[in-house]
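Inspection log for the structure reproduced underneath, given as structure tokens.
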Amino acid sequence: MLIAAMSLATGAAFAQAYPARPIKLIVPFPAGGGTDIIAREVANKVATQQGWTLVVDNKPGSGGNLGVDAAAKAAPDGYTIVLGQTSNLAINPTLYAKLPYNPQKDLAPVGLVASSPLVLVVATDSPYKTLADVIAAGKAKPESINYASSGSGTVAHLAVEQFQKIAGVKFTHVPYKGAAQGVTDLIGGQIQLYMSSIPTLIGHIRNGKMRAIAVTSDKRVHDLPQVPTIAESGYKGFEAVTWFGVAGPAAMPKDAVAKLNVAFNKALQDAEVKKKLEGQGADVLGGTPEQFGKLISEDIARWGKVVKDSGAKVD
């Protein structure tokens, strides 16, 4: 009885005091990419609203696996969390032969943050004006067109692999560790196509450095109304969306999960945050830890089939 009473007292004290020091939010991709943009916008609002200190820590590498693994193996005290996404939580368990973490066993979902379709872009001086132009060139000279993604196993990588299969064309994949170098190489002519989330590329599209030729949503995107979907370009039913969500180590205290969930949901309801994320081409989500966990499980099954059908593997 004494031990039980002490445990209850300790739990109550934790719930009251948490967080008593800065919380580290790991972003498993470099600064400047879509994940980083969303993380900083929402983290800043959480800090302002709650009076907390959130420190964004960019830890890129291995398709986002390094950052997620660091969070999964961190002390389960609620002071290290990660903004994971479809690639490193739902795709990589099937794509990688040896993944150092299990998203369903080693992580505690906190809540969804946002989702975004992808956009396929070319440089503004590219001879390709439409998706049909790209397909025609790719069929004329298989594997002559290089396409970039922000890493093997990302939704962008798998979306293009899936598209090549249904379009009967073959490109050459050039994976990067994040968005910045891929952007530079596309503009410089080293690569011909780039697929990434809209928040990553919309600024370059708006300033005229890139031309968007297709989006992967089932309908046109509000902020890119002139850009057709892949589905309406002759590939009915094609859709690929990446989501972003907060998680922490599996043994993280339930009180910490609950407090973080409330804080992030409140930030996502803020009109300023909604406006900024939607202006970047993202859809604001939110919800419960249970809903996020269910989505992870469903998408592991869904994307696992895509990985197997494509034959893609990463050692």
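The values are calculated or read from the model by the stated rules, or taken from the named source; none is laboratory data. Predicted, not measured: the structure shown is a model, and the values here were computed from it. Note: ideal-geometry Cβ built from the backbone for every residue, glycine included; neighbour counts use all protein chains shown. What goes into the accessible areas is simple: the full protein's heavy atoms, side chains included, and nothing from ligands, DNA or RNA. Shrake-Rupley method; radii C 1.70, N 1.55, O 1.52, S 1.80 Å.
Go through the range 39-64 and report how many residues are under 23 Å from G281 (Cα atoms), modelled with pLDDT of 95 or more, open to solvent by less than 40 Å² (accessible area, probe 1.4 Å) and assigned to a helix (DSSP H, G or I).
Counting residues in the range 39-64 that are under 23 Å from G281 (Cα atoms), modelled with pLDDT of 95 or more, open to solvent by less than 40 Å² (accessible area, probe 1.4 Å) and assigned to a helix (DSSP H, G or I) gives 5.
Would the range 264-273 turn up any residue that is open to solvent by 20 Å² or more (accessible area, probe 1.4 Å), under 30 Å from P76 (Cβ atoms) and assigned to a helix (DSSP H, G or I)?
Looking through the range 264-273, at least one residue is open to solvent by 20 Å² or more (accessible area, probe 1.4 Å), under 30 Å from P76 (Cβ atoms) and assigned to a helix (DSSP H, G or I).
Take residues that are under 27 Å from K274 (Cβ atoms) and tell me which of the strands (runs of 3 or more DSSP E) falling wholly in the range 95-213 contain 3 or more.
107-123, 193-197
Which of the residues spanning the range 273-291 are in contact with a strand residue (DSSP E or B) (Cβ under 9 Å, 6 or more places away or on another chain) and among the small types (G, A, S)?
G281, A282, G286, G287
Any idea which of G78, G84, G111, G67 is buried (at least 20 other Cβ atoms within 10 Å of the Cβ) and more than 16 Å from the chain's Cα centre (by Cα)?
Only one candidate qualifies: G78.
Can you name every residue in the range 302-314 that is open to solvent by 30 Å² or more (accessible area, probe 1.4 Å), farther than 11 Å from N92 by Cα and in contact (Cβ under 8 Å) with a residue 24 or more places away in the chain?
R302, K308, D309, S310
What is the number of the single condition among (1) open to solvent by 30 Å² or more (accessible area, probe 1.4 Å); (2) at pLDDT 95 or above; (3) over 24 Å from M210 (Cα atoms) that K98 does not meet?
Failed condition: (2).
Kindly establish whether T124 is polar (S, T, N, Q) and modelled with pLDDT of 90 or more.
yes
For the range 239-262, what are the residues that are touching a Phe, Trp or Tyr at 6+ places or on another chain (Cβ under 7 Å) and either open to solvent by less than 10 Å² (accessible area, probe 1.4 Å) or assigned to a strand (DSSP E or B) (or both)?
G245, V246, A256
Which of (1) hydrophobic (A, V, I, L, M, F, W, C); (2) in contact with a Ser or Thr (Cβ under 9 Å, 6 or more places away or on another chain); (3) touching a residue at least 24 places away in the same chain (Cβ under 8 Å) is the odd one out, the single condition I166 does not satisfy?
Only one criterion in (1) hydrophobic (A, V, I, L, M, F, W, C); (2) in contact with a Ser or Thr (Cβ under 9 Å, 6 or more places away or on another chain); (3) touching a residue at least 24 places away in the same chain (Cβ under 8 Å) is unmet by I166, namely (2).
Assess whether V119 counts as being surrounded by 23 or more Cβ atoms within 10 Å (Cβ to Cβ) and under 17 Å from Y235 (Cα atoms).
yes
What number of residues within the range 194-238 are basic (K, R) and either in contact (Cβ under 8 Å) with a residue 60 or more places away in the chain or open to solvent by less than 10 Å² (accessible area, probe 1.4 Å) (or both)?
The total comes to 2.
Is it true that D299 is open to solvent by 80 Å² or more (accessible area, probe 1.4 Å), touching a residue at least 24 places away in the same chain (Cβ under 8 Å), within 17 Å of S197 (Cβ to Cβ) and within 18 Å of the chain's Cα centre (by Cα)?
Here the answer is no, as D299 does not meet what is asked.
Search the range 24-38 for residues being within 12 Å of the chain's Cα centre (by Cα) and of a type in the set (A, V, I, L, M, F, W, C), and hand back the single one that is surrounded by the fewest Cβ atoms within 10 Å (Cβ to Cβ).
Step by step, filter the range 24-38, then rank; the result is I37.
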